[in-house]
Ligand code: FES
């Protein structure tokens with residue numbers, strides 16, 4: 001059979017030999033490209049080149065839920081499933097989805113020859129046996145941490161942060177649906193090589209970390225934590241069962257959260273949620289997230305804002321909510337900061353707003369970390385729009401309401 005194949009190769013003139021593709025985002029096809037694009041998105045130096053080639057492929061046999069199918073050799077299990085009409089659900093929905101395509105979130109996992117494995121980065125092999133129903137199995141996900149944290153995330157209640165003690169035991173989950181060129185946590189986001197954990201294992205480790213460091217809260221961040229819904233809901237259920245009194249904090253970019261997903265999270269015990277809409281203007285959002293499709297950028301940006309509105313209107317009495325965005329003059333003007341301030345103030349002027357000062361990282365090593373005085377200017381602009389609880393992260397510490405500085 002003839003197919004149009006995606007092929008990724010290394011541009012030696014850009015490769016600096018950092019080893020990211022050997023230790024973090026590794027090829028699961030043993031170097032025989034299946035066009036999954038995980039390495040293409042992950043290379044910090046953009047040393048991977050994508051080309052399309054029409055090639056003749058040998059058909060191979062697959063047994064899907066016991067039924068024999070033919071698929072072209074040299075593609076991923078996900079691509080093979082799609083080629084025979086098995087479609088993946090919308091990111092964030094229940095069931096089989098493939099929101100990251102990087103091998104980190106495990107939302108695309110199916111049973112392959114009897115073991116749970118990610119369909120997005122696993123190559124098909126002749127005679128492979130695939131089972132699609134994995135509901136009865138414990139889900140998996142790559143987890144970094146736990147580690148104790150002194151300042152927490154976007155929705156960590158500001159009055160708990162005093163710089164003297166740890167406020168949260170945190171984990172970071174691999175995989176993301178966005179491709180932010182300045183990703184501040186890219187060793188987590190693009191990790192497809194660490195051994196995954198079940199929600200129960202992650203909950204036990206978080207609980208132990210909390211016990212050792214005496215934190216009031218537990219936090220889940222990423223990457224984008226919401227990508228694997230079943231895993232995340234089971235994590236919160238386990239945590240709530242183990243610690244009925246704890247503050248359970250989720251930080252999310254809000255892009256794939258739907259109302260029923262939020263309802264399920266709250267029902268599972270999550271009582272502290274931070275949403276990061278990132279921007280007001282779609283063009284700024286595209287610069288920040290690396291999304292090139294304008295319609296998609298508009299849709300994701302509006303999803304984040306509308307889920308923040310839903311959270312505030314439905315759960316302010318039960319969930320401590322925060323909003324966040326990252327400031328850097330490389331992508332945002334103070335006029336847009338004011339616009340963001342107006343939009344948040346129209347939702348709730350008391351809402352906690354945390355602004356992060358993004359430093360050079362990943363593919364944006366050219367930017368400079370905003371100075372403390374720049375961040376104070378951002379704080380002033382937001383407060384002038386009527387916001388009462390603004391926190392800015394700076395090189396000298398977190399500066400919160402009343403210009404209270406918490407040094408790191
Ligand atoms: S979509 Fe396959 S691991 Fe995230």
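The values are calculated or read from the model by the stated rules, or taken from the named source; none is laboratory data. Since the structure is predicted, the reported quantities are computational estimates derived from the model, not experimental observations. Ideal geometry is used to build each Cβ from the backbone, glycine not excepted, and the neighbour counts take in all protein chains shown.
Of note:
- Residue check for residue 114: over 14 Å from residue 195 (Cβ atoms) and not assigned by TED's automatic domain parsing to the domain that holds residue 64: no
- Residue in segment 128-146 that is out of contact with any helix residue (DSSP H, G or I) (no Cβ under 9 Å at 6 or more places or on another chain), assigned to a strand (DSSP E or B), over 21 Å from residue 265 (Cβ atoms) and within 15 Å of the ligand (Cβ to nearest atom) present: no
- Count of residues meeting criterion [in a loop (DSSP other than H, G, I, E, B) and within 22 Å of residue 23 (Cβ to Cβ)] in segment 193-210: 4
- Set 227, 206: member being closer than 24 Å to residue 277 by Cβ and either surrounded by 24 or more Cβ atoms within 10 Å (Cβ to Cβ) or within 18 Å of the chain's Cα centre (by Cα) (or both): 227
- Identity of the residue in segment 75-89, surrounded by fewer than 22 Cβ atoms within 10 Å (Cβ to Cβ) and within 13 Å of the ligand (Cβ to nearest atom), that ends up farthest from residue 133 (Cα to Cα): 79
- Evaluating residue 169 against the criteria (1) more than 13 Å from the ligand (Cβ to nearest atom); (2) touching a residue at least 24 places away in the same chain (Cβ under 8 Å); (3) more than 18 Å from residue 223 (Cα to Cα) leaves one unmet condition, (3).
- Test: residue in segment 109-122 that is in a helix (DSSP H, G or I), at negative phi, under 23 Å from the mean Cα position of the chain (by Cα) and surrounded by fewer than 22 Cβ atoms within 10 Å (Cβ to Cβ): no
- Residues that are under 18 Å from residue 155 (Cα atoms) and surrounded by fewer than 21 Cβ atoms within 10 Å (Cβ to Cβ), drawn from segment 377-388: 383, 388
- Residue in segment 95-103 that is closer than 19 Å to residue 197 by Cβ, within 16 Å of the ligand (Cβ to nearest atom), touching a strand residue (DSSP E or B) at 6+ places or on another chain (Cβ under 6 Å) and assigned by TED's automatic domain parsing to the domain that holds residue 82 present: yes
- Residue within segment 256-267 that is closer than 17 Å to residue 151 by Cα, in a loop (DSSP other than H, G, I, E, B) and in contact with a helix residue (DSSP H, G or I) (Cβ under 7 Å, 6 or more places away or on another chain) present: no
- Residue 153 vs. criteria part of a loop (DSSP other than H, G, I, E, B) and crowded, with 23+ Cβ neighbours inside 10 Å: yes
- Verdict on residue 296 being out of contact with any strand residue (DSSP E or B) (no Cβ under 9 Å at 6 or more places or on another chain) and either free of Cβ contacts under 8 Å to residues at least 12 places away in the same chain or more than 26 Å from residue 341 (Cα to Cα) (or both): yes
- Filter result for residue 131 (farther than 30 Å from residue 394 by Cβ and in contact with a strand residue (DSSP E or B) (Cβ under 6 Å, 6 or more places away or on another chain)): yes
- Of all residues assigned to segment 353-376, none qualifies as being more than 18 Å from residue 151 (Cβ to Cβ) and in contact with a strand residue (DSSP E or B) (Cβ under 7 Å, 6 or more places away or on another chain).
- Per-region count, segment 338-397, residues in contact (Cβ under 8 Å) with a residue 60 or more places away in the chain and assigned to a helix (DSSP H, G or I): 2
- Yes/no for residue 33 being in a helix (DSSP H, G or I), surrounded by 13 or more Cβ atoms within 10 Å (Cβ to Cβ) and in contact with a strand residue (DSSP E or B) (Cβ under 7 Å, 6 or more places away or on another chain): no
- With respect to the conditions (1) closer than 21 Å to residue 179 by Cα; (2) within 14 Å of the ligand (Cβ to nearest atom); (3) under 19 Å from the mean Cα position of the chain (by Cα), residue 43 falls short on a single one, namely (2).
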